[in-house]
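Heads up, the thing below is written out as structure tokens.
The values are calculated or read from the model by the stated rules, or taken from the named source; none is laboratory data. Just so you know, these numbers come straight off a predicted model, no measurement behind them. As a convention, Cβ positions derive from the backbone with ideal geometry for all residues, glycine included, and neighbour counts pool all protein chains shown.
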Amino acid sequence: MSLETIYGELILDHSKHPRNFGKLDESDETVEGANPLCGDEIEIQVKTEGDRITGIAFTGHSCAICLASTSMFCENAEGKSFAELDELRNIFHNLLRGNELTDSERTKLGDAFALSGVGKLPARVKCATLVYETWDVLRKKLEQDRG
Ligand code: ZN
């Protein structure tokens, strides 16, 4: 099986069976993100302890790429610190720009590496990056909450 097929199947798997999809019983912050170019709308809820994500869930209506990317991010975000998620966002942007990643960067990205091909589809880049933009907003809100 070619790598491209494997990546395609990972994207399909996440879009058909999104991880962390639903609502948390208890959350510290909720934020919505939208990509009007495609009609993607997501809402992310998090539970935190200090500067670490201890629970994360999302809902929304979106295309398969946005759904897969959000699922991949949320699955990866659980247990991570805010700084680690910022790093993940930077690595993901580098991936879509077509930059070479180090082995450790690839490992950190996890399944999200499967979205590398989206960088060649400019109209879909926003679908894949919406969750990372939404994380930016969420992080700012969390920092305001902490004062
Ligand atoms: Zn989309």
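Annotations for the structure displayed:
- The range 63-76: number of residues that are crowded, with 23+ Cβ neighbours inside 10 Å and either farther than 25 Å from LEU121 by Cα or in contact with an Asp or Glu (Cβ under 7 Å, 6 or more places away or on another chain) (or both): 2
- Failed criterion for ASN20 (all others in (1) within 16 Å of the ligand (Cβ to nearest atom); (2) surrounded by 17 or more Cβ atoms within 10 Å (Cβ to Cβ); (3) closer than 21 Å to LYS141 by Cβ hold): (1)
- Just one of the listed residues (GLY60, GLY39, GLY33) is surrounded by fewer than 18 Cβ atoms within 10 Å (Cβ to Cβ), of a type outside the set (Ser, Thr, Tyr) and at pLDDT 95 or above, and it is GLY39.
- Just one of the numbered conditions (1) in contact with a Ser or Thr (Cβ under 6 Å, 6 or more places away or on another chain); (2) free of Cβ contacts under 8 Å to residues at least 12 places away in the same chain; (3) not aromatic (Phe, Trp, Tyr) is not true of ALA64: (2).
- Qualifying residue in the range 38-54 (condition: touching a helix residue (DSSP H, G or I) at 6+ places or on another chain (Cβ under 6 Å), of a type outside the set (D, E, K, R) and free of Cβ contacts under 8 Å to residues at least 40 places away in the same chain): yes
- Within the range 1-17, being of a type in the set (Val, Ile, Thr) and within 16 Å of the ligand (Cβ to nearest atom) holds for one residue alone: ILE11.
- THR102 vs. criteria polar (S, T, N, Q), surrounded by fewer than 18 Cβ atoms within 10 Å (Cβ to Cβ) and closer than 18 Å to ILE6 by Cα: no
A quick yes/no check of all residues on (1) over 19 Å from ILE44 (Cβ atoms); (2) modelled with pLDDT of 95 or more; (3) basic (Lys, Arg):
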{"position": "GLU105", "(1), (2), (3)": "yes, yes, no"}
{"position": "LEU109", "(1), (2), (3)": "no, yes, no"}
{"position": "LEU115", "(1), (2), (3)": "no, yes, no"}
{"position": "PRO122", "(1), (2), (3)": "yes, no, no"}
{"position": "CYS127", "(1), (2), (3)": "no, yes, no"}
{"position": "THR134", "(1), (2), (3)": "no, yes, no"}
{"position": "VAL137", "(1), (2), (3)": "no, yes, no"}
{"position": "LEU142", "(1), (2), (3)": "no, no, no"}
